[in-house]
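See below for the structure under consideration.
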Amino acid sequence: MQINYNEKDKTIDIKDGLKTQYLMIKALMILNLVNAILNASYVSDTGIGLMQIIWIILGIVSIVVLYFYYFKKSSQEIIPINSIEQLTEKTVFGSKRLSLKLTNGKSRDIVYLKTTEQITNVKKMFTKVGVPFLD
């Protein structure tokens, strides 16, 4: 993973492969939603069975995940400094994760930071650039 500040364009370049991961998740959720619609639309003479209920629940979960990834998460690799509101840190299962809150309401996760040294270097870089840090 590489995080670099481009002084000429005043952008942050993040190269971590998150865009392809998000694309795969979105494609699988769309495929799952289509499969759920097709399976739930078949109703036999006896009415709605257990399998149709399971597919309806899977379809609803797919819709929620798709909403989350399309409207709440960002996978931008080149982010202008003026579109970053703040850098946030959260603890998930005992490990610290950094995230950028963007002005369009989305958040950009900074994953693959393994050591605390890498986390502090990233915090210093964003502080130096002028992005506020929120604990």
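The values are calculated or read from the model by the stated rules, or taken from the named source; none is laboratory data. No experiment lies behind these values; they were computed from the predicted model shown. Every residue, glycine as well, gets a Cβ built from its backbone with ideal geometry; the counts of neighbours run over all protein chains shown. Accessible surface is based on the protein model in full, side chains and every heavy atom, while ligands, DNA and RNA are left aside. Shrake-Rupley method; radii C 1.70, N 1.55, O 1.52, S 1.80 Å.
If you go through segment 95-135 and keep only what is open to solvent by less than 80 Å² (accessible area, probe 1.4 Å) and charged (D, E, K, R), you end up with Lys106, Arg108, Asp109, Lys123. When Asn39, Asn32 are screened for being surrounded by 14 or more Cβ atoms within 10 Å (Cβ to Cβ), farther than 19 Å from Val122 by Cβ, at pLDDT 90 or above and of a type outside the set (Ser, Thr, Tyr), only Asn32 passes.
Just name the residue that is modelled with the highest pLDDT out of those in segment 98-135 that are of a type in the set (D, E, K, R) and more than 18 Å from Ile12 (Cα to Cα). Give the derivation first.
In the first step, residues of segment 98-135 are kept if they are of a type in the set (D, E, K, R); the result is 101, 106, 108-109, 114, 117, 123-124, 128, 135.
Still in the running and more than 18 Å from Ile12 (Cα to Cα): 114, 117, 135.
Numbers: Lys114: 79, Glu117: 88, Asp135: 69.
Only one residue tops the list, namely Glu117.
So, in segment 83-94, of the ones that are surrounded by 10 or more Cβ atoms within 10 Å (Cβ to Cβ) and over 16 Å from Thr127 (Cβ atoms), which residue ends up nearest to the chain's Cα centre (by Cα)?
Out of the qualifying residues, it is Lys90.
Checking Val131, Val111 one by one, the residue that is of a type in the set (A, V, I, L, M) and more than 15 Å from Asp16 (Cβ to Cβ) is Val131 and no other. Out of the residues in segment 43-82 that are without any contact (Cβ under 8 Å) to a residue 40 or more places away in the chain and of a type in the set (D, E, K, R), which is surrounded by the fewest Cβ atoms within 10 Å (Cβ to Cβ)? Out of the qualifying residues, it is Asp45. In segment 10-20, is there at least one residue being open to solvent by 40 Å² or more (accessible area, probe 1.4 Å), at pLDDT 90 or above and among the polar types (S, T, N, Q)? Yes, segment 10-20 contains at least one residue that is open to solvent by 40 Å² or more (accessible area, probe 1.4 Å), at pLDDT 90 or above and among the polar types (S, T, N, Q).
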